[in-house]
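Asker: Okay, handing you the structure first.
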Amino acid sequence: MIRLPDPKPETLARRDAIVAGLSDIVPSTSLISDETRLKPYETDGLSAYRQMPLAVALPETTEQVAAVLRFCHQNGVRVVPRGAGTSLSGGALPMEDAVVVGMMKMNRILDINYPDRVATVQAGVTNIGITNAVAADGFFYAPDPSSQLACMIGGNVNMNSGGAHCLKYGVTANNLLGLKIVTIDGEILDIGGEHLDAAGYDWLGLLTGSEGMLAVVTEVTVRILRSPEGARAMLAAFTSNEIAGRCVDAIIASGIIPVALEFMDRPAIHACEAFAHAGYPLDAEAMLIIEVEGSVAEQDDLLEQLKAICQRFDPISLKVSQSAEESAAIWKGRKGAFGAIGRISPDYLCMDGTIPTSRLPEVLRRIGEMSDSYGLKVANIFHAGDGNLHPLIMFDANDPASFQKAEMFGADILKLCVEVGGCLTGEHGVGVEKRDLMPVQFAPHELAQQRAIKSAFDPDWLLNPSKVFPLIDPVAMAKAA
Amino acid sequence: MTLALLPTDEAGVQDAVVSAAAAREPLWVHGNGTKSGMLRRVETARVLSTAGLSGITLYSPSELIISARAGTPIGEVEAALAEKGQQLTAEPPDLSRIFGANGRPQTIGGVTATNLSGPRRVAWGAMRDHVMGIRAVSGRGEVIHSGGRVLKNVTGLDLCKLFTGSHGTLGVITEVTLKVLPASATSATLVLPGLDAVTGVAALSAALGSPYGVSGAAWLPKGAGFDGPVGLVRIEDFAASVAYRTEKLRAELGIPGAEILDEASSRTIWKSVRDVLPLPLGDAVWRVSVRPSAGPGVLAAVAAAGIVGFLDWGGGLVWLSGPASAAAHRQVETATRTAEGTWMLLRGPDCLRSAVDVVPPEVPALAAITRRMKASLDPAGVLNPGRLYAGL
Ligand SMILES: Cc1cc2nc3c(=O)[nH]c(=O)nc-3n(C[C@H](O)[C@H](O)[C@H](O)COP(=O)(O)OP(=O)(O)OC[C@H]3O[C@@H](n4cnc5c(N)ncnc54)[C@H](O)[C@@H]3O)c2cc1C
């Protein structure tokens, strides 16, 4: 189990005064301090961990956010920023002595500018909310995490989230132009804007993926793109992971960059098929979903080329979608993957390491061996073009031994990812989940340097202080600052 | 007397930095010095070049990844990529016309440290978007790595972004790992004649807002090699797609006299835009970035001060050239502020560069964070002091 820092006794003792102070800043409808209504905030997408916060504030304006932070700063109160709480790494897990600052009420689209292809929205707008706001005009916001119906753009920025289409369109960082942020001392700062590549230090890049540790994001300016003329998917199934992996290499080598290139192994195919009845080949060991974009003629041409490449690897099934409906059917299983696993196992942990794609067959084989030795089933679904793995480890949360084994299994997978030249997390963030594995990827002086940069923003370590970095004692923490 | 340091490995860079910090003797850190003339001049008794750290250390075409030591000439990287049909996506410019050629090639470390990107930036991202991993020696003499050799990585704070574009003020970059992409099979350019800056940018916006995957959109004034001002729109893809898309776009934009340039002419014109050749070379050169629709307004606002220019990135990148005076610089600053954008004084005599804000100053609250961040990486202040901001 992950340890949280000890709550500050002086904060806990002053709980009523702190709540009263906050009630002077935000409307009463934006302040939660009673146990029943705090309950929904006790966890996030990593639901194995739970902790009730001291209070929840749901500011409605940037100025209110600034006032809340200033108040917390003056009173030495910790703050955990929160979007929709879908983090799979426990990034939004509260602390007993912390005020959760939620973005739920900051959900307005502020400006859509088609000539310049940018949109400015408040941090609490959902990912899909941006696309929905511009779709009628033929535009979209590219990064598309599977959680896009729920997760908020402020959360996406702080996790640098990706999606199935980021091989072509990039992750959040590559689609971001500007931020309005509030620092822990209540200063409101504009970073970037509607233009590209601000001169000076790349604060935008540093803040992206900073997991709520540097500042609270209240407004976000993103690039919006014109939707392609059309898109179509194909499905190719193979007799081994290795062959499917080689097919992925061949596709990339051909010069075609599909908009999506997804990989599922046998357990994942079976789980998804049982759930979605998508017509997946149950005799396959591995399957690719490949999507291309363009006019119908361009799609035909690209799919023809891709088919020819797949054919070189003796596929046991090759299905090119003939229509939008058929493409949707191919995607249906993949998009419902988490739900599908949820049906066959009471609980699962979703891992998120990235590996060099050339090491794929070896990594999948070793994950298989670990699965046998831990006695826990695992299904692998991942973004094949960029090597971002999502092994789903199935366990039973009612059995503490099972949970403990699942966590150890997960840690072993992530260590393996680093060992073969990859990293601990490709898109879900470190949060609390992978915090204690950070020394596997970084030397102590590198972690100290990263901590020092957090300290440059937040010298007192009040903003989301228990995440990303292994806990160290307060004396060492002060030294790092 | 200057002390010229030319280490051949990372440990040598560490030694140079540690000894500089111990002696409180700042370093002018650079690669081959091809862009020494940009921003503020750094005057130090010690000069540290990364040119001795050379060579590609990893290239895995099927993983879209290349790593090279900082001093590797960019041409060497580009040649290795071209052999496998790939390219540097951000299309970094060669600014030797602006800074004067010093006979040496620019290095991959220098291009990364300055985050300079060419026309393709508008569609496919800047240098900083493709830096997947970095190794740098901080002012403490420590080797700091961030990112790695995979395409997706959110592990810890993204120091790749912080080092990229930091002009050697936070760390001496020793090795860079970049995401690369296949080079397109072919390209073509639509030339849109007879458009002034405003109508030109409107056409570029329409093109960039089309589904046809435009990867370059520039506007050139009269006298840049065409009969009058023109809009230029590039499409790069497989041959059939390029043919189909340029025709569709020509029809949809409906601009009389629009012509399509073939691949060879298209390559020539975009290389020229990339390397800023259409800009008449004045004593001062600025690189301004604004929202695309504000580009023409910036051009108009500075014209009275004798400043001329052209537009790339759909109108958002404004290249300006004019007299090297504080008054001219003020005009550029004011026009850019009005457009809520950002500027960089790229070329100018030392006295001008030290007298004005070469980049927009940060507001006090952000400047305080900057000072603490800089102090954490370079406590003795030995790395390129004053390069971006006076006193930092
Ligand atoms: C079913 C499911 C599928 C998923 N699929 C994907 C996927 O495909 N790709 C992917 O990348 N992720 C995926 N995720 C993970 C998750 O959705 C993303 O990390 C998402 O960006 C989190 O957004 P959120 O609004 O829920 O943020 P939260 O979970 O509330 O917070 C995430 C982190 O950001 C911080 N934060 C949130 N808002 C702010 C703010 N305004 N200012 C400062 N800090 C803030 C929090 O403190 C926390 O550290 C998935 C999650 C689930 C449950």
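The values are calculated or read from the model by the stated rules, or taken from the named source; none is laboratory data. What you are looking at is a predicted structure, and each value in this text was computed from that prediction instead of being measured. With ideal geometry, Cβ positions are generated from the backbone for all residues, glycine too; neighbour counts draw on all protein chains shown. We work out accessible area using only protein heavy atoms, side chains counted, and drop any ligands, DNA or RNA first. Shrake-Rupley method; radii C 1.70, N 1.55, O 1.52, S 1.80 Å.
Asker: Tell me, what is the Rg over Rh of segment B:284-355, with Rh the Kirkwood radius over Cα pairs? Provide the component values of the computation, followed by the final result.
Answerer: Numbers: Rg = 10.9 Å, Rh = 11.6 Å.
Ratio of gyration radius to Kirkwood radius: 0.94.
Asker: Just order A:376-385, A:2-11, B:226-235 by mean Cβ neighbour count inside 10 Å, highest at the front, would you?
Answerer: Most protected by this proxy first, the peptides run A:376-385, B:226-235, A:2-11.
Asker: A further question follows. Under a 5 Å amide H to amide H cut-off, with H placed in plane at 1.01 Å, what residues pair with A:G431 once short-range neighbours are removed?
Answerer: A:V468
Asker: May I ask you to order A:288-296, A:362-370 by the average number of other C-beta atoms within 10 Å around their residues, highest value first?
Answerer: A:288-296, A:362-370
Asker: Buried accessible area for the A:B pair, summed, 1.4 Å probe, in Å² rounded to 100?
Answerer: 6400
Asker: Additional query: When the dipole is taken about the Cα centre of segment A:327-481, and only Lys, Arg (+1) and Asp, Glu (-1) are charged at their Cβ, what size is it in debye, to the nearest 20?
Answerer: 380
Asker: Next question, about the same structure. With every protein chain present, what accessible area does B:L6 have (1.4 Å probe, heavy atoms only), rounded to the nearest 10 Å²?
Answerer: Rounded to the nearest 10, that gives 110 Å².
Asker: Residue-wise, which Karplus ³J(HN,Hα) couplings in Hz belong to segment B:212-217, taking 6.51 cos²θ - 1.76 cosθ + 1.60, θ = phi - 60°, and x for glycine or proline?
Answerer: Per residue, the Karplus-derived 3J(HN,Hα) values read 9, x, 5, 10, x, 8 Hz.
Asker: Further question on the same structure: What does the structure give for A:182-195 when I average, per residue, the other chain Cβ atoms found within 10 Å of the residue Cβ?
Answerer: Across the residues of A:182-195, the mean count of other-chain Cβ atoms within 10 Å is 4.
Asker: Which value, in Å², gives the accessible area per residue of segment B:186-274 when a 1.4 Å probe is used on the protein heavy atoms?
Answerer: 39
Asker: Under 5 Å between amide H atoms, partner at least 5 residues away or on a different chain: which partners does B:N115 have, H built in plane at 1.01 Å?
Answerer: B:G165
Asker: Also, I was wondering about something else. Of all the accessible heavy-atom surface of the protein assembly as shown, with the other protein chains kept in place and a 1.4 Å probe, what percent is carbon and sulfur?
Answerer: 53
Asker: Out of residues 5 or more away from B:L383 or on other chains, whose amide H comes under 5 Å of its own, with H placed 1.01 Å from N in the peptide plane?
Answerer: Amide H neighbours of B:L383: B:L27.
Asker: Could you go through segment B:30-44 in sequence order and give the Karplus-derived ³J(HN,Hα) for each residue, using 6.51 cos²θ - 1.76 cosθ + 1.60 with θ = phi - 60°, rounded to whole Hz, and x for Gly and Pro?
Answerer: Using θ = phi - 60°, the values come out as 7, x, 9, x, 6, 10, 4, x, 8, 6, 8, 6, 9, 10, 9 Hz.
Asker: Starting from the alpha-carbon convex hull of chain B, give the projected area averaged over all orientations, in nm².
Answerer: Working: hull surface 74.9 nm².
For chain B, the mean projected area of the Cα convex hull comes to 18.7 nm².
Asker: Restricting to Cα pairs below 8 Å that are 6+ residues apart, what does the relative contact order work out to for segment B:244-392? Please round to a whole percent. Provide the component values of the computation, followed by the final result.
Answerer: Details: 192 pairs, mean separation 30.3, N = 149.
It comes to 20 percent, rounded to a whole number.
Asker: Give me the dipole magnitude in Debye, nearest 20, for chain A about the Cα centre, with unit charges on the beta carbon: positive for Lys and Arg, negative for Asp and Glu.
Answerer: Working: 39 positive and 59 negative charges, 97 e Å.
My answer is approximately 460 debye.
Asker: Okay, next question. Over 19 Å between Cα atoms, which of A:K307/B:K84; A:K377/A:K405; A:K434/A:K467; A:K434/B:K152; A:K105/A:K434 qualify?
Answerer: A:K307/B:K84; A:K105/A:K434
Asker: OK, next. Would you check the accessible area of B:Y389, probe 1.4 Å, heavy atoms only, in square angstrom rounded to 10?
Answerer: 30
Asker: For peptide B:285-292, how many partner chain Cβ atoms fall within 10 Å of a residue's Cβ, on average?
Answerer: Taking the mean over all residues of the peptide, I get 4.
Asker: A further question follows. Mind checking which of B:P296, B:P256, B:P182 has the largest fluctuation in a GNM of chain B, springs on alpha carbons under 10 Å?
Answerer: Fluctuation is largest for B:P256.
Asker: So how do A:116-125, B:276-285, B:377-386 stack up, highest first, on mean other-Cβ count within 10 Å?
Answerer: Peptide ranking by packing, descending: A:116-125, B:377-386, B:276-285.
Asker: Residues of segment B:284-386: accessible area per residue at 1.4 Å, in Å²?
Answerer: Normalised by residue count, the accessible surface of segment B:284-386 is 31 Å².
Asker: Next up: Beyond 22 Å, how much of the Cα-Cα pair distribution for segment A:2-102 remains, as a whole percent?
Answerer: Cα-Cα pairs in segment A:2-102 separated by more than 22 Å: 23 percent.
Asker: May I pose another question? Charges at C-beta only: +1 for Lys and Arg, -1 for Asp and Glu. How large is the resulting dipole of segment B:284-355 about its Cα centre, in Debye rounded to 20?
Answerer: Values: 6 positive and 4 negative charges, 10 e Å.
Charge dipole, segment B:284-355, about its Cα centre: 40 debye, nearest 20.
Asker: Relative contact order for chain A: what is it in percent, counting Cα pairs under 8 Å that are at least 6 residues apart?
Answerer: The value is 14 percent.
Asker: While we're looking at this one, here's another question. Would you mind listing how long chain A runs along its three principal axes, going by Cα atoms, in whole Å with the largest first?
Answerer: 69, 56, 42
Asker: Quick one: what are the phi-derived ³J(HN,Hα) couplings along segment A:158-175, Karplus 6.51/-1.76/1.60 with θ = phi - 60°, whole Hz, x for glycine and proline?
Answerer: My calculation for segment A:158-175 gives 6, 9, 6, 5, x, x, 5, 9, 7, 4, 8, 9, x, 8, 3, 3, 7, 10 Hz in order.
Asker: With all pairs of different alpha carbon atoms counted, what Kirkwood hydrodynamic radius in Å does the protein assembly as shown show?
Answerer: Working: mean 1/r = 0.0359 Å⁻¹.
Answer for the protein assembly as shown: a Kirkwood hydrodynamic radius of 27.8 Å.
Asker: Over the whole of A:295-305, what's the average partner chain Cβ count within 10 Å per residue? Rounded to a whole number, please.
Answerer: Partner-chain Cβ atoms within 10 Å, mean over residues of A:295-305: 2.
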